[in-house]
Every structure is written in C-alpha cells, then in structure tokens.
C-alpha cells in the first residue's frame, strides 16, 4: 500500500455511497492510499473549501449527483487533477455527464462513464502511476489478470 492519502474521493451525500464504494474497491485493489468524504458543495461549501485547502491528495474523484456541481466546484479550487463520476440519478445520468464534460475553458474535469466508480479509481491510479512505480506495477498486474 502506498503511503499517505493520494486520492480523495468526495461525494455530496451518502446516497452516492455505492459509487464511492466502487472507487474505493479499485484503489484498494491497486494498493493506493485514499479516503472517502461526504461533503456537499451546496449545503456545506465552506467545509468543502477547507477540506480541499488542507488535503494532501494528489488526485480528486468527485461523484456528480443531482445538481452535479461537485466536480466543477472542486476543479475551481485546486490545480490537481479532478475526475468526475456522473451519477445516474435523473435523466439516466446524462445531465450529470454533461455538467462534467462541459466545464468552461481553464477548469477541466476528467470524466468516466455514468455510475462507473471503478473506472474513476483506475484512472486516478493511472495518473499517480506517472510518478509512482509501485502503482504502475499494480496496474500492469491488474491488466494482466484480465487476460
């Protein structure tokens, strides 16, 4: 397992926990240190701002639920990579997906498929693997196990 929290997984409410669980499972499989937080960008923006300011995470994964602002709010407050996971809460997740991929210039958010927390965890690990041989090796082993 890697040292320290490398990935912060954030959802706006416990109703998104099934998705955060999938992110966490993928990161655990790969030995990536992470933590999961439930902080609403709407109900508690100051707590979110303080958390982001104090976080030592290198990558953020944010679940985009109903209003789907969380990934964009996080991206507006950090220069670190943000991966958005659109939740299929309404309109089969299309509304959440569009809110992530249509970010304004200069505030990018990467996006995985609707409800696809597993891919978000793997993408976060791939970002970390650029500078972490342990994570790169774990990804190679994971891919080999798929054959």
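Read-outs: derived from the displayed coordinates by stated rules, not from any lab. Note that this is a predicted model, so its numbers are computed, not measured. Quick reminder, even Gly has a Cβ in these numbers, built from the backbone with ideal geometry, and neighbours come from all protein chains shown.
Using 0.36 nm times the number of residues separating residue 18 and residue 137, minus their current alpha carbon distance, what extension gain do you get? Let's see the in-between values first.
Numbers: separation 119, 0.36 × 119 = 42.84 nm, distance 2.73 nm.
Separation in residues times 0.36 nm, less the Cα-Cα distance, equals 40.1 nm.
Classify region 12-51 as rounded, prolate or oblate from the Cα gyration tensor: take a ≥ b ≥ c as the square roots of its eigenvalues, call it rounded if a/c is under 1.5, otherwise prolate when a/b beats b/c and oblate if not.
On the way: a/c = 5.20, a/b = 1.82, b/c = 2.87.
Oblate shape, in that a/c is at least 1.5 and b/c is the bigger or equal ratio.
Along the principal axes of its C-alpha atoms, what lengths does region 7-91 span, in descending order and rounded to whole Å?
Extents along the principal axes: 32, 30, 18 Å.
Could you tell me the relative contact order of region 67-136? Use alpha-carbon pairs under 8 Å, at least six residues apart, and round to a whole percent.
Values: 96 pairs, mean separation 20.7, N = 70.
About 30 percent, as a whole number.
Using the 10 angstrom Cβ neighbour count as an exposure proxy, how do 66, 94, 6, 27 rank, fewest first?
Working: 66 15, 94 12, 6 21, 27 30.
So the residues, fewest neighbours to most, are 94, 66, 6, 27.
Given the rule -39500 (n - 2.57) for each run of at least 4 DSSP H residues, summed and divided by the residues of the chain, what is its mean residue ellipticity at 222 nm, to the nearest 500 deg cm²/dmol? Show your work: numbers first, answer last.
Working: 6 runs with 64 residues, N = 147.
So the calculated ellipticity at 222 nm is -13000 deg cm²/dmol.
Going by how many other beta carbons lie within 10 Å of each one, how would you line up 34, 79, fewest first? Can you show the working numbers first?
Values: 34 24, 79 6.
Starting with the residue having the fewest Cβ neighbours, the order is 79, 34.
For region 17-91 and region 115-139, what is the separation of their C-alpha centers, rounded to whole Å?
That distance is 16 Å.
Of the residues 83, 127, 19, which exhibits the maximal mean-square fluctuation in a Gaussian network model of the chain defined by a 10 Å Cα contact cut-off?
Fluctuation is largest for 127.
Do you know the relative contact order of region 7-142, to the nearest whole percent, from alpha carbon pairs under 8 angstrom that are 6+ apart?
Details: 274 pairs, mean separation 36.2, N = 136.
This gives 27 percent for region 7-142.
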